[in-house]
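Comments concern the structure below.
The values are calculated or read from the model by the stated rules, or taken from the named source; none is laboratory data. Just so it is clear, the structure is predicted and the values come from calculations on it, not from any experiment. Ideal geometry is used to build each Cβ from the backbone, glycine not excepted, and the neighbour counts take in all protein chains shown. Heavy atoms of the whole protein, side chains included, go into the accessibility calculation; ligands, DNA and RNA do not. Shrake-Rupley method; radii C 1.70, N 1.55, O 1.52, S 1.80 Å.
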Amino acid sequence: MTHYDTLIRNARVMDGSGTEEFVADVGLSQGRIAHIGETAGGSTANRVFDAEGLILAPGFIDAHTHDDMEVIKRPAMLPKLGQGVTTVIVGNCGISAAPVRLSGDLPDPMNLLGPAEAFRYGRFADYRDAVEQAAPSVNVAALVGHTALRNNHLDRLDRSATQSEIRAMRAELAACLTDGAIGLSSGLAYASARAADIEEVRQLAEELALHGGLYATHLRDEFDGILDALDEAFAIGRHADSPVVVSHLKCAGAGNWGRSAEVLAHLEDASTRQPLGWDCYPYTASASTLDLGQVTDAYDILITWSEPHPHMACRTLADIAATWDLPLLETARHLQPAGAVYHCMNETDVQRILAHPLTMIGSDGLPEDPHPHPRLWGTFARVLGHYAQDIGLFSLEEAVRKMTSLPAGRFGLAQRGLIRTGHWADLVLFDPLSISDVASFADPLRPAAGIHAVWVNGTLAYRPGEACPNRAGRFLTRNPLERT
């Protein structure tokens, strides 16, 4: 007689590989998947779930998050568990919780992660210790932010680093990689990193090959200059002999709409010569801090928070400008620092990028935003419900692959992303008939519908509407042999 900690019976298993579903019982023991297939009638378990009609998939891996502080401050991680996410990649866009040592004002956009007092982790090892002590409900893998390093070693951020500063940043990056960081991220579009030339980033990236790390980048330009920005990212990866991940791939700005086929062809060509991937979120609106360079009347810009004028939150920039009888740009200056949602993309481009077989899914959610973009709570359910089933952009099996085995391989997360005997038991059980994103721009703080249960490292982490008390998330390091 076989005994399991948990036995999930009669599940429609989508194993993460993209192949057709099959019906099986799945047994979990000691945090891992112990059995897949029929179970003998005498098998017992501490807890049995009847999954009749429900799909059992590997837990979803959010390839692009800003949950750096969230996994410590609110370790229940309900926004992620509520849509089936069991692993988050933090430290994106050049901003990370660690290593950060502030000597002045908190640079934009590091304020997306929290207030200055939240940055307590002067060493990456301090951050890892804090995550492990908080014991979040989800697994955490962390990148080191280029802007965070610049903050530590430059007296001002509107210039490129000197050779001595690059050496200091490189030494700190090496220490972070030794302590478990999975790579380096950059946010070269932001004012805090825009002055960094390619040579600064290339020299930092040399540490990646030495430690098996990867390079993830918020491109220098997601608008008209996107091809040149992609070439810069490719060159950095080739120089460092390291995989490249392009963050939240998009064709931003009305003048850029319709270029997704050209952009994807450029990426496909480069991917034949170097390890390359990218992520995307399933919405036509982005969100970040309010950037004067993105102020336009070509599409709506929603203000989500404003430090000097908090009462203007949840209104469009155009509406505020009309109220104040000011031009848009002057209005934006008065609102700063502030957060904004930019309705800057075209649906056809979003669909073409989402459908590409190399596209991973990343939410890019901002948990510190008081009125966040709905992608924080809805991304993965929206892909499974709206894009896979409502409009048939791809199969459910393919949607699951984009969220599981593809990012697990890209980020080198060993024994995750597939339902295989011996792999870690990160699992989500969902109803394909009711799975949907409920969060909206008007009401964004709502968990997805259709998620019945989530397990993280074999521990039940979520039942509908609530996180379970036992948290079993782990801090994950990178195994370069797992990369794809």
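When ligands, DNA and RNA are left out and all protein chains stay put, how many square angstrom of accessible area per residue does the chain have with a 1.4 Å probe? Walk me through the intermediate numbers first.
Values: 17000 Å² over 484 residues.
For the chain, the solvent-accessible area averages 35 Å² per residue.
Once the piece of chain linking Arg194 and Gln274 is laid out straight, how much longer is it, given 0.36 nm per residue of separation minus the C-alpha distance between them?
26.3 nm
Give me the one-decimal nm value for the distance between modelled label points at Ile391 and Ala171, 7 Å along each residue's Cα-to-Cβ direction.
Computed distance between label sites Ile391 and Ala171 equals 5.2 nm.
Enter the per residue convex hull volume of the chain, computed from alpha-carbon coordinates, in Å³ rounded to the nearest integer.
Normalising the Cα hull of the chain by residue number yields 129 Å³.
For Tyr299 and Arg74, FRET efficiency with R0 = 41 Å and r from the beta-carbon atoms, rounded to 0.05?
Efficiency, rounded to the nearest 0.05: 0.80.
Pop a pseudo-label 7 angstrom from the Cα along the beta-carbon direction at both Glu330 and Gln30 and give the gap in nm to one decimal.
7.1 nm
With a 1.4 Å probe and every protein chain kept in, tell me what percent of the accessible surface of the chain is carbon plus sulfur. Can you show the working numbers first?
On the way: 8260 of 17000 Å².
With neighbouring chains kept in place, the figure for the chain is 49 percent.
Translational diffusion coefficient of segment 330-484 at 37 °C, 0.692 mPa s, Stokes-Einstein with Kirkwood Rh over Cα pairs, in µm²/s as a whole number.
Calculated translational D: 189 µm²/s.
Under the Karplus relation 6.51 cos²θ - 1.76 cosθ + 1.60, θ = phi - 60°, what is the ordered set of whole-Hz ³J(HN,Hα) values for segment 424-433, x standing for Gly and Pro?
Residue by residue, segment 424-433 yields 4, 8, 8, 9, 9, 10, 9, 9, x, 7 Hz.
Taking 35 Å as R0, compute the FRET efficiency from the Cβ-Cβ separation of Arg238 and Glu307 and round it to 0.05.
0.30
What ³J(HN,Hα) values, in whole Hz, does the Karplus curve 6.51 cos²θ - 1.76 cosθ + 1.60 give for segment 457-472 when θ = phi - 60°, with x put for Gly and Pro?
6, x, 9, 4, 10, 8, 10, x, x, 8, 7, 7, x, 7, 9, 10
Report, by chain and number, residues whose modeled amide H sits under 5 Å from the one on Asp15, excluding near sequence neighbours (fewer than 5 apart, same chain).
For Asp15, no residues qualify.
Lysines near Lys402 by alpha-carbon distance under 24 Å, same-chain residues fewer than 8 away left out - which ones?
Lys80, Lys250
Within segment 254-276, name every residue whose backbone N is under 13 Å away from a label modeled 7 Å from Cα of Thr348 along the Cβ vector.
Taking a point 7 Å out along Cα→Cβ of Thr348, the residues of segment 254-276 whose backbone N falls under 13 Å are 256-262.
For Val23 and Arg446, what does the FRET efficiency come to when R0 = 41 Å and r is the distance between their Cβ atoms, rounded to the nearest 0.05?
0.85
Can you tell me the equivalent ellipsoid semi-axes for segment 393-484? Use √(5λ) from the Cα gyration tensor, largest first, whole Å.
25, 18, 13
Using unit Cβ charges (K, R positive; D, E negative) and no other charged atoms, how large, in debye to the nearest 20, is the dipole of the chain about its Cα centre?
Value, rounded to 20: 1180 debye.
Which length gain, in nm to one decimal place, applies between Ala134 and Thr2 when the Cα-Cα distance is subtracted from 0.36 nm times their residue separation?
44.1 nm is the gain from fully extending Ala134 to Thr2.
Taking just the alpha carbons, could you work out the radius of gyration and Dmax for segment 279-340, both in angstroms?
Every Cα atom of segment 279-340 included, Rg and Dmax give 11.4, 40 Å.
Just for the chain, what percent of DSSP beta bridges are antiparallel, to the closest 5?
Among the beta bridges of the chain, antiparallel pairing accounts for roughly 55 percent.
Per-residue counts of other Cβ atoms within 10 Å, averaged by peptide: what ranking do you get for 156-165, 13-22, 91-100, highest first?
Numbers: 156-165: 14.0, 13-22: 18.3, 91-100: 28.7.
Descending mean neighbour count gives 91-100, 13-22, 156-165.
According to a simple spin-label model (label point 7 Å from Cα along Cα-to-Cβ), what is the distance in nm between Ala355 and Ala265?
Rounded to a tenth, the inter-label distance reads 1.6 nm.
Residue by residue, what Karplus-based ³J(HN,Hα) values in Hz, rounded to whole numbers, does segment 122-139 have, using 6.51, -1.76 and 1.60 with θ = phi - 60° and x for Gly and Pro?
x, 10, 4, 4, 5, 5, 4, 4, 5, 5, 5, 6, 5, 6, x, 6, 10, 6
So for segment 164-266, what percent of the C-alpha to C-alpha distances run longer than 19 Å? Show your work: numbers first, answer last.
Numbers: 2254 of 5253 pairs.
Result: 43 percent of Cα pairs exceed 19 Å.
What is the set of long-range amide H partners of Arg315 at a cut-off below 5 Å, with H atoms built 1.01 Å from backbone N?
Distant-sequence amide H within range of Arg315: Ile303.
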